[in-house]
Each structure stands twice: as structure tokens, then as C-alpha cells.
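Student: This is the structure I want to talk about, given as C-alpha cells.
The values are calculated or read from the model by the stated rules, or taken from the named source; none is laboratory data. Predicted model only: the values in this text are computed from it and were never measured. Neighbour counts are summed over all protein chains in view; Cβ atoms, including those assigned to glycine, are modelled from backbone coordinates with ideal geometry.
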Amino acid sequence: MRYDLHLICELCDEIGLPVRLLGDDCAELDLGQGALLQFQNAEDDKDCLAGFSVRPGTRMTISYSGATATASSWTTLTWWWR
């Protein structure tokens, strides 16, 4: 399923959430404190992704379907799902 990146940006602007388009196929939402939520479109609908990315220096725990990923000050974590 392709994401409507322009609609994502419009909705984020309405609620005051920082967002930017990265080219034609990616929107990046800044959730604060170094945490980013990205929506990535691909040529094939089944390859479109959404995921979290955290910058070094960020502490964030993500839990989804029993799997947990944690980033700390010494690592960069990117976690995608379809």
C-alpha cells in the first residue's frame, strides 16, 4: 500500500508536528528528542515501508508484536515494518 505523503505532511502541519519530504518517496516526521518516524513508498506497493529511526544520543524503546528494540547513546537504530 502506498502512503499519501502529501496528506501525511498536511495532517502533521495541522497538528504542529515537524515533517519534511525527502524526495518524492519519503516523509520524515520528527517526534522529538531524536526520534523520527519515516514513511517510504516504493515502486511496488508491497515494498512500501514505515519505521522508526533514532539518532545517536537518543534513548527510545519500541515494542511491537512481542519484539522490542532499544537504542542508546552509542548506536543508531532503524526499525522498519511493512
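Student: Restricting the search to the stretch 43-76, which residues are exposed (fewer than 13 other Cβ atoms within 10 Å of the Cβ) and modelled with pLDDT of 80 or more?
Tutor: Passing the criteria: Glu43, Asp44, Asp45, Lys46, Asp47.
Student: Another question, if that's okay. Those residues that are free of Cβ contacts under 8 Å to residues at least 24 places away in the same chain and either in contact with a Leu (Cβ under 7 Å, 6 or more places away or on another chain) or not hydrophobic (A, V, I, L, M, F, W, C) (or both), I need them from the stretch 1-19; list them, please.
Tutor: Residues of the stretch 1-19 free of Cβ contacts under 8 Å to residues at least 24 places away in the same chain: 4, 6-7, 9-19.
Of everything in the stretch 1-19, those that are free of Cβ contacts under 8 Å to residues at least 24 places away in the same chain and either in contact with a Leu (Cβ under 7 Å, 6 or more places away or on another chain) or not hydrophobic (A, V, I, L, M, F, W, C) (or both) turn out to be Asp4, His6, Cys9, Glu10, Cys12, Asp13, Glu14, Gly16, Leu17, Pro18, Val19.
Student: If you don't mind, there's one more thing I want to ask. Looking only at residues that are assigned to a loop (DSSP other than H, G, I, E, B) and within 12 Å of Arg2 (Cβ to Cβ) in the stretch 26-42, which one is modelled with the highest pLDDT?
Tutor: Asn41
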